[in-house]
1. Any idea of ARG2's accessible area? Nearest 10 Å², probe 1.4 Å.
2. Tell me whether region 2-58 comes out rounded, prolate or oblate; compute the Cα gyration tensor, take square roots of the eigenvalues as a ≥ b ≥ c, and use a/c under 1.5 as the rounded threshold.
3. Take ASN183, project a point 7 Å from its Cα along the Cβ direction, then tell me which residues of region 131-172 have their backbone nitrogen under 20 Å from it.
4. Ordering ASP96, ASP156 from largest to smallest accessible area (1.4 angstrom probe), what's the sequence?
5. From the Cα gyration tensor of region 145-184, with a ≥ b ≥ c the square roots of its eigenvalues, which class applies: rounded if a/c is under 1.5, or else prolate if a/b is larger than b/c, or else oblate?
6. Among the DSSP beta bridges whose two residues both lie in the chain, what percent are antiparallel, rounded to the nearest 5?
7. List the GluC sites (Glu not before Pro) within region 84-183 that DSSP assigns to loop and that have no more than 13 neighbouring Cβ atoms inside 10 Å.
8. Is the shape of region 95-184 best called rounded, prolate or oblate, per the rule: a/c under 1.5 gives rounded, else a/b larger than b/c gives prolate, else oblate, with a ≥ b ≥ c the square roots of the Cα gyration tensor eigenvalues?
Amino acid sequence: MRNIILSEDEIHSICKLLGQQLSTRYRFNEKPPVFIGVMKGALPFLMDLIKEIDIPIIIDFVQLKSYNGTESTGTVSLKKDVSVDLKDRDVIIVEDIVDSGISMIFLVDYLKKKYQPNSIVTVSLLDKKINRKAPFELDYAGKEVGEGFLMGYGLDYNELYRNTKYIFIPDQEEIASWDEILNK
């Protein structure tokens with residue numbers, strides 16, 4: 001049996017709470033805030049989160065690369081940049097999980113330097129503080145998690161199983177079977 005970390009209902013509750021908090025925070029903005037989803041993992045969370053936002057928003061995406069299989073490479077590269085002008089805008093970066101903190105620090109610094117937004121706020125469904133390699137604190141986090149490689153609801157193993165409606169820790173047998181699928 002899979003070790004489920006967050007059920008579909010728990011994810012929905014987190015999205016609802018965070019959506020209300022962000023709506024309240026940006027309710028009186030002159031310009032709609034820009035929500036930036038970090039592809040590909042944050043897409044399910046971003047889509048469910050914005051359904052709970054009741055103010056006008058703009059959505060854009062970035063894509064970073066920092067993982068290979070179950071391991072962080074320790075380096076971050078930008079694969080896709082935003083397409084919206086962020087100058088003097090309030091930016092909300094939406095991530096699926098923050099563990100080492102390296103990717104989020106890279107992205108926040110990159111956006112600040114290149115686009116000079118009014119503000120940057122970070123939101124993640126999962127906060128894995130136990131794995132921090134760089135000092136970083138999220139502005140909003142759905143749930144703090146401990147050890148273990150997490151899968152589902154955007155979190156993948158070499159692109160597999162992003163489409164699961166819940167988050168779980170796979171066992172070694174599952175990972176071995178996925179390696180077989182990938183090597184065909």
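1. Its accessible surface works out to 70 Å², give or take rounding.
2. Details: a/c = 3.55, a/b = 1.78, b/c = 2.00.
Since a/c reaches 1.5 but b/c is at least a/b, the shape of region 2-58 is classed as oblate.
3. Only 157-161, 170-172 pass the distance filter.
4. Working: ASP96 15, ASP156 40 Å².
Putting ASP96, ASP156 in descending order of accessible area: ASP156, ASP96.
5. Details: a/c = 2.45, a/b = 1.43, b/c = 1.71.
Oblate.
6. On the way: 11 of 33 bridges.
Around 35 percent of the beta bridges assigned by DSSP in the chain are antiparallel ones.
7. On the way: sites: GLU95, GLU137, GLU144, GLU147, GLU159, GLU173, GLU174, GLU180; in loops: GLU137, GLU147, GLU159.
Within region 84-183, the qualifying GluC sites (Glu not before Pro) (loop, at most 13 other Cβ atoms within 10 Å) are GLU137, GLU147, GLU159.
8. On the way: a/c = 2.43, a/b = 1.96, b/c = 1.24.
The shape class here is prolate.
The values are calculated or read from the model by the stated rules, or taken from the named source; none is laboratory data. Owing to the predicted nature of the structure, the values given are computational and were not obtained by experimental measurement. Note that we place each Cβ from the backbone using ideal geometry, even for glycine, and neighbour counts take in every protein chain shown. Note: areas computed on protein heavy atoms with side chains; ligands, DNA, RNA excluded. Shrake-Rupley method; radii C 1.70, N 1.55, O 1.52, S 1.80 Å.
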